[in-house]
Structures are given as structure tokens and as C-alpha cells.
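Report on the structure given below.
The values are calculated or read from the model by the stated rules, or taken from the named source; none is laboratory data. Keep in mind it's a predicted model, so treat the numbers as computed, not measured. Here the Cβ positions follow ideal geometry from the backbone for every residue, glycine too, while neighbour counts run over all protein chains shown.
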Amino acid sequence: MFKVRRALVSVSDKRNLIPFAQGLQRLGAEILSTGGTCRQLNEAGIDAVEVSSRTGFPEIMGGRVKTLHPIIHGGLLGRRGTDDDVMTEHGIEPIDLLAVNLYPFEETISRADASLADAIENIDIGGPAMIRAASKNHDGVVVVVDPDDYNAILDALQSDQMTEEYRRSLAAKAYALTASYDIAITRYLSALDEESRLVALGRPVLRDISASLHTKPLPHSCCWHP
């Protein structure tokens, strides 16, 4: 049975957040969190622990640096049964579930009054880094990027249906999200001036990733579309 002993929840889209966290707590999970997410969870009576209290390092630079720490990324990337000794040596506890969604970059740049500074501050760094780490290690980590999936994931955990295939499909969905996010940033920056446009056009990645996301189906349990 796949057991979530520790979950990290840090979301900008707070839809369905409280019921999801309550469900995780009923399953016995310790919840780590950051900033506004942690405050909202605590205000709802959910015992969430600030990431900074676990890492021993505060949020700095206006929140730009919060989760970029070996305690967090080691907890997400550590291979169960392979990296146990080094994790114990460095005080790294495994994180079994990551629930993250990203700063609303596309929503921000869609506003008529959005400045370049607004756009830059809404480029998420820590979120994609954690998503990619958890997705790489989906053998031991459930990665959740869509609030609409919360109920199904809780059901799967409660009914012992959190299979390797399900975790892999969630990882594929997560990678699709980060790919689309990077494409949106590339398109925005490349449209700002001629030099940026020419540099972007010289790289095939934008064309290739965009085409593949629209032509190759995601696993059957993924419902996100670019």
C-alpha cells in the first residue's frame, strides 16, 4: 500500500485546498507548506508546518527563495531503499506527496496593464523545480498539479489504488504543465524585441514541444490539455 507520511502543499490556486489537506491529515500525513498556503491551512485548523522551520532557512528575496533547499529537494528526489543512508546522514525526511500549482503567469500577462516587472515576478521558479523533482521520482512520490484531481487522489490513497501507473500518469501530466508554462514564458519574452524573437526562432524546442503536446495523447487518466 502506498502511504503518504509527509506531504508538501504550496499552491497559488487554492480551490479545494482545505478538504484536500483535511483528507491528507486523516490519512496520517504530516503537512509541510509555505507562505499564504500555510497561513490558510492553519487558519482552517489544519496543523501545517512552515517549510522554513524544517529547513532552518527563512523565505528571502520577497519569497523568491522558499523551497530551493536540499532538505526539500532531497526529500522529493531521494530513492526509497537506495538513498536512505545519505538521507539519514543529512537529516532529510522523504516527502511522499507534492501538491503544487504555479504562479499565474499567463493570467498576469493577459491583463492590459501588466508590466514586464509584473510578468517577471510571476515566473515561478521553486514550483517547477519541485514538480520536476517529484515527477522524476514518481516511483516514490505522488505529484499533484491540478486541484480538480484532489478527490480522485484521496480516493486512490484510501482504497489502495495509488498504483505505479497512476503515479506515472500524474507525473506525465505534471511535465506537460511545466512544458506549457515554459512555452508561455518563451513566447512572451521572444515577443518583446527583435533580438529575443530571433534567438527563440533559432531554437527548435518551442516548435517541437508545442507540436508534440498537441499531437501525442497523454495517459488516459490525465485531463489537462495545453
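Give region 134-148 a look and list any residue that's in a helix (DSSP H, G or I) and either over 15 Å from the mean Cα position of the chain (by Cα) or crowded, with 21+ Cβ neighbours inside 10 Å (or both), or say none.
134, 135
Output the residue which, of all residues in region 15-35 that are out of contact with any Pro (no Cβ under 8 Å at 6 or more places or on another chain) and assigned to a loop (DSSP other than H, G, I, E, B), is surrounded by the fewest Cβ atoms within 10 Å (Cβ to Cβ).
Filtering first and then ranking leaves 28.
Hey, can you tell me all the residues within region 120-167 that are touching a residue at least 24 places away in the same chain (Cβ under 8 Å), touching an Asp or Glu at 6+ places or on another chain (Cβ under 8 Å) and farther than 24 Å from residue 12 by Cα?
139, 140, 164
Exactly one of (1) touching a helix residue (DSSP H, G or I) at 6+ places or on another chain (Cβ under 7 Å); (2) of a type outside the set (Ser, Thr, Tyr); (3) under 23 Å from residue 36 (Cα atoms) is unmet by residue 107. Its number?
Just one mismatch for residue 107, condition (1).
Filtering region 75-111 down to residues that are surrounded by 12 or more Cβ atoms within 10 Å (Cβ to Cβ) and among the polar types (S, T, N, Q), which residue is farthest from the chain's Cα centre (by Cα)?
Only one residue fits best here, namely 108.
Given the criteria among the hydrophobic types (A, V, I, L, M, F, W, C) and at pLDDT below 55, does residue 206 qualify?
Spelling it out, residue 206 is indeed among the hydrophobic types (A, V, I, L, M, F, W, C) and at pLDDT below 55.
Within region 134-147, identify whether any single residue is among the polar types (S, T, N, Q), closer than 24 Å to residue 80 by Cβ, in contact with a strand residue (DSSP E or B) (Cβ under 7 Å, 6 or more places away or on another chain) and modelled with pLDDT of 95 or more, and answer yes or no.
yes
So which residues in region 116-133 are in a loop (DSSP other than H, G, I, E, B) and in contact with a helix residue (DSSP H, G or I) (Cβ under 9 Å, 6 or more places away or on another chain)?
Correct list: 122, 123, 124.
If you scan region 37-53, which residues turn out to be at pLDDT below 95, out of contact with any helix residue (DSSP H, G or I) (no Cβ under 6 Å at 6 or more places or on another chain) and charged (D, E, K, R)?
Selection gives 39, 47.
Report yes if residue 72 is crowded, with 19+ Cβ neighbours inside 10 Å, out of contact with any helix residue (DSSP H, G or I) (no Cβ under 6 Å at 6 or more places or on another chain), of a type in the set (A, V, I, L, M) and not in a strand (DSSP E or B), otherwise no.
The answer is yes for residue 72.
Of (1) farther than 29 Å from residue 163 by Cβ; (2) in a helix (DSSP H, G or I), residue 41 satisfies all except one. Which?
(1)
Which residue out of 170, 102, 177 is closer than 23 Å to residue 67 by Cα and without any contact (Cβ under 8 Å) to a residue 60 or more places away in the chain?
Checking each option against the conditions leaves just 170.
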